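Down below is the structure, laid out as C-alpha cells.
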Amino acid sequence: MTFIWVRRNHYRVRHEIRVQCHYASGRHLGMKIMKTIAMYLPQFHTIPENDRWWGKGFTEWTAVQGAERLFEGHDQPREPLNDDYYNLLDRSTMDRQAKLAKEYGLDGFCFYHYYFKDGKKVLERPAENLLQWGGLDMPFCFCWANESWGRTWSRLDHQYEAINPWMEKSEDKGPIEEKRSGVLLKQRYGREKEWEDHFEYLLPFFKDKRYLKKDGIPIFLIYKPLEIKCLAEMMYFWKGLAKREGLGDIYVIGENCTRKLKGLDGVLLYGPSMYQDPKTGGQVVRPYIKNGVRTYDYEKLWENAIDAKEVSGCKTYFGAFTDYDDTPRRGKNGWAVDGASIDLFEKYLYLLMKKNRMAQNEYTFINAFNEWGEGMYLEPDKKRGYRYLEIIREVKKRVSSEQISSKSEYDRGAGLSGYEISENENRAEKNLSYVQILDKWMGLREGGIHLSAYLKRYHYSKVAVYGIGVLGRHLVRELLDDDVEIRYLIDRKENALYPGIPTYRLGEDLPAVDAIIVTATYEYQYGEIWDDIRKCDINYPILSLAEIIFEI
C-alpha cells in the first residue's frame with residue numbers, strides 16, 4: 001500500500017488521498033453496523049432553580065433568543081425551523097424528536113444527567129417522563145454531567161441581574177451566598193451510601209429495554225471522570241450492584257481522558273474542545289480574536305479529530321461535532337468556531353465514522369442533537385433546514401456499505417496507535433497533581449478544617465495509611481494530632497517509621513481497619529496501586545487522600 005504525503009498546508013489533500021488509498025480495497029472487518037448517538041440537553045423546560053438564578057421562565061431558549069451577532073460573519077442568532085421553541089415536558093415534542101431520529105439514522109440519544117451532592121437532581125423530568133412513556137421509541141443512555149454548577153454564564157448574569165430581585169434581598173441568604181460564591185449546585189460524591197442511592201435511581205433506566213447497551217451491558221458516560229477522586233472505588237461498587245441486579249456489569253466511558261484511568265472501560269474524545277489539544281491530534285490550534293471573541297478554525301479542529309490517537313491501553317471512541325458557539329450564554333467571554341459549514345461537516349463526519357469503524361468501535365457520538373445555546377445541534381433550523389440530519393443518514397449508509405481495510409493498516413496511515421506519555425510528561429503531571437493537593441490542603445488548614453472531619457463523617461475511626469512519602473508523612477502527623485487511631489502503615493520499607501505504629505508490606509496479613517487511605521494519589525489514579533490492593537482480597541474501604549481533601 002502506498003501513502004502520499006504532502007506539506008502541512010495541504011492537509012486537506014493529504015486526508016483525501018490517504019482515505020482513498022485505505023478504502024479503495026481491503027477486507028471487511030465483519031463488525032456490526034455502527035450506531036450513531038447524539039448528545040441530548042434536557043434544559044428546554046422551566047425548573048424552580050433556573051427561575052431563581054436566571055429569571056422566571058428561563059429555559060435554554062432564553063439564551064438562544066437573546067443571542068447577538070458579535071463579529072462579521074458571526075452565525076447568530078440561531079433560529080429553529082418554524083419557530084419551534086419547544087417544551088420538553090410535552091410528549092408530542094419528544095415523540096417528534098424520536099421520529100426524526102429514526103427517519104434520519106440516529107440510533108439514540110445520550111441524555112445529560114445532573115445529579116449533585118446529597119442526591120440533588122435537576123432537569124431530570126424529560127428522562128423520567130421517557131421512562132413512564134413506555135410506548136415512545138427513543139433509545140437512550142446517560143452522560144453524568146458531574147461538575148458543580150456555577151455562575152459562569154456571564155451574559156445572562158448581566159442580562160438578568162436587573163430583573164432578579166432575589167439577588168438584592170438581604171433576607172434571602174441562600175441566593176445571596178450563591179451570588180457571592182458563584183456556586184449554584186455543589187458536586188460531592190460521598191461514599192457507599194451515596195453511591196448506592198445514585199445507582200438505585202439509575203437502575204430503572206438501566207433495566208429499560210430502550211436503554212443503550214454494549215453486548216447486553218448498559219453504557220454510562222461520565223463528563224469529567226478526573227474530577228471523581230473515588231472513581232475506581234465507586235465504579236467497582238456500582239459494578240457489584242449491577243451484578244446483584246442481574247445487569248451483569250456497567251460499561252463506563254469517560255470523556256476527554258488522555259490517560260487510562262482506573263474505573264473506566266473506555267474513553268470518548270469529545271469535540272470540539274478536546275481537539276484543541278495537540279496531544280490529541282498533533283497540531284496546535286490557537287485561537288484568534290474577532291471583535292473580542294476567541295475563535296478557532298473549524299477545519300483545523302476537525303483535522304485533529306481525524307488524526308487523533310487512541311488512548312494507550314484503553315478503548316477509544318472518537319466523537320464528532322457539528323459546530324460550537326457559546327456566546328449566547330457567555331457573550332464575549334465565550335468562544336466560537338469559525339468557518340463551520342455543512343460541506344465540511346459532511347466530509348469530516350465521513351472520515352471520522354470510518355476511523356471509528358476501523359477502530360472497531362460500536363458507536364459514533366455526535367455533539368449534539370439540541371445544544372442550541374452552544375451552537376451544536378442536528379435539529380432543523382431556518383438556515384440549514386434538515387441538512388445536518390440528512391448528512392447523518394447519508395454518511396451512515398455510505399460507511400456501512402463500504403469495505404474497509406484492517407485496523408493495523410489504518411494505524412500506520414492515520415495515527416490510531418496509542419499516544420504514549422513521556423517520562424517527563426508523567427513527572428510533570430504527577431508534580432502538578434501534588435501541588436494541587438497541597439494547595440487545597442493548606443487552604444483547609446487555614447480555614448481551621450482538618451481531614452479528620454471527613455473520617456468522622458463516615459465513622460472511620462481506625463485507619464491504615466498506604467504510602468509514607470511526603471504526603472503520607474504530612475497525613476500521619478495531622479491525624480496523630482487529631483487523635484485518629486492509625487493502626488498501621490503500609491509501605492515497602494520494613495523498619496518502623498513511627499514509634500508504636502507497625503509497618504506492613506502489601507500482601508501480608510493486614511489487621512482489620514475501617515478504611516485504608518492511599519497517599520500516592522497519582523499512582524492510585526493511573527498506576528497499579530488500586531489493582532495491587534484488590535489482588536490482596538482486601539475488603540476494607542479504600543480512600544484516596546485526594547478524595548478526602550477535595551470532598552471535605
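The values are calculated or read from the model by the stated rules, or taken from the named source; none is laboratory data. These numbers come from a predicted model, not from an experiment. Cβ: placed from backbone, ideal geometry, glycine included. Neighbour counts: every protein chain shown. These accessible areas exclude ligands, DNA and RNA; they are computed on the full protein's heavy atoms, side chains included. Shrake-Rupley method; radii C 1.70, N 1.55, O 1.52, S 1.80 Å.
Observations
- Qualifying positions in the stretch 203-232 - closer than 27 Å to MET138 by Cβ and either out of contact with any strand residue (DSSP E or B) (no Cβ under 7 Å at 6 or more places or on another chain) or open to solvent by 40 Å² or more (accessible area, probe 1.4 Å) (or both): LEU203, PRO204, LYS207, ASP208, LYS209, LYS213, ASP215, GLY216, ILE217, TYR223, LYS224
- The set of residues from the stretch 307-342 being in contact with a Leu (Cβ under 7 Å, 6 or more places away or on another chain) and at pLDDT 95 or above comprises THR316, TYR317, PHE318, GLY319, ALA320, THR322, THR327, VAL337.
- Among the candidates MET235, MET274, residue that is open to solvent by 10 Å² or more (accessible area, probe 1.4 Å), in contact with a Gly (Cβ under 8 Å, 6 or more places away or on another chain), in a helix (DSSP H, G or I) and of a type outside the set (Val, Ile, Thr): MET274
- Cross-chain or 6+ apart pairs with Cβ under 6 Å, the stretch 127-146 first and in contact (Cβ under 8 Å) with a residue 12 or more places away in the chain and part of a helix (DSSP H, G or I), then open to solvent by less than 40 Å² (accessible area, probe 1.4 Å) and among the aromatic types (Phe, Trp, Tyr): ALA127/PHE111
- Residues being surrounded by fewer than 14 Cβ atoms within 10 Å (Cβ to Cβ), over 30 Å from the mean Cα position of the chain (by Cα) and free of Cβ contacts under 8 Å to residues at least 60 places away in the same chain are entirely absent from the stretch 431-444.
- Here SER154 clears all of (1) more than 30 Å from ILE552 (Cβ to Cβ); (2) at pLDDT below 75; (3) open to solvent by less than 50 Å² (accessible area, probe 1.4 Å); (4) of a type in the set (S, T, N, Q) except the condition numbered (1).
- Among the residues here, PHE71 qualifies as over 29 Å from CYS141 (Cα atoms) and modelled with pLDDT of 95 or more.
- The test for being open to solvent by less than 30 Å² (accessible area, probe 1.4 Å), of a type in the set (Phe, Trp, Tyr) and touching an Asp or Glu at 6+ places or on another chain (Cβ under 9 Å) does not hold for TRP133.
- Flag for PHE237 being under 25 Å from SER544 (Cα atoms) and without any contact (Cβ under 8 Å) to a residue 60 or more places away in the chain: yes
- Residue count for the stretch 401-425, restricted to those that are open to solvent by less than 40 Å² (accessible area, probe 1.4 Å) and either touching a strand residue (DSSP E or B) at 6+ places or on another chain (Cβ under 7 Å) or modelled with pLDDT of 80 or more (or both): 1.
- Of the residues making up the stretch 533-552, those that are in a helix (DSSP H, G or I) and modelled with pLDDT of 90 or more are LEU545, ALA546, GLU547, ILE548, ILE549, PHE550, GLU551.
- Note on the stretch 445-456: residues that are surrounded by fewer than 16 Cβ atoms within 10 Å (Cβ to Cβ) and either in contact (Cβ under 8 Å) with a residue 60 or more places away in the chain or among the aliphatic types (A, V, I, L, M) (or both) amount to 2.
- Listed by first and then second residue, the pairs linking a residue in the stretch 324-339 that is open to solvent by less than 40 Å² (accessible area, probe 1.4 Å) to a residue that is of a type in the set (Asp, Glu) and modelled with pLDDT under 95, with Cβ atoms under 6 Å apart and 6 or more places separating them unless they lie on different chains, form an empty list.
- Considering the stretch 492-547, the residues that are surrounded by 21 or more Cβ atoms within 10 Å (Cβ to Cβ) and hydroxyl-bearing (Ser, Thr, Tyr) include one that is nearest to GLY472 (Cα to Cα), namely THR519.
- TYR296 at pLDDT 95 or above, under 21 Å from ASN333 (Cβ atoms) and aromatic (Phe, Trp, Tyr): yes
- Among the residues of the stretch 184-202, those identified as open to solvent by less than 10 Å² (accessible area, probe 1.4 Å) and aromatic (Phe, Trp, Tyr) are TRP195, PHE199.
- Tabulated pairs, the stretch 528-550, first touching a residue at least 60 places away in the same chain (Cβ under 8 Å), second outside any helix (DSSP H, G or I) and among the polar types (S, T, N, Q), C-beta under 6 angstrom, 6+ apart or interchain: LEU545/THR519
- Breaking point among (1) under 24 Å from GLY216 (Cα atoms); (2) crowded, with 17+ Cβ neighbours inside 10 Å, for HIS74: (1)
- Unmet requirement for SER273, which otherwise passes all of (1) in contact with a helix residue (DSSP H, G or I) (Cβ under 8 Å, 6 or more places away or on another chain); (2) at pLDDT below 95: (1)
- Residue match in the stretch 62-80 (condition: farther than 20 Å from ASP326 by Cα, of a type in the set (D, E, K, R) and not in a helix (DSSP H, G or I)): no
- Members of the stretch 305-345 found to be closer than 26 Å to ASN356 by Cα, in a helix (DSSP H, G or I) and not acidic (Asp, Glu), listed by number: ALA305, ILE306, ILE342, LEU344, PHE345
- Selection count, the stretch 482-491, where residues are part of a loop (DSSP other than H, G, I, E, B) and either within 20 Å of MET234 (Cβ to Cβ) or open to solvent by 20 Å² or more (accessible area, probe 1.4 Å) (or both): 3
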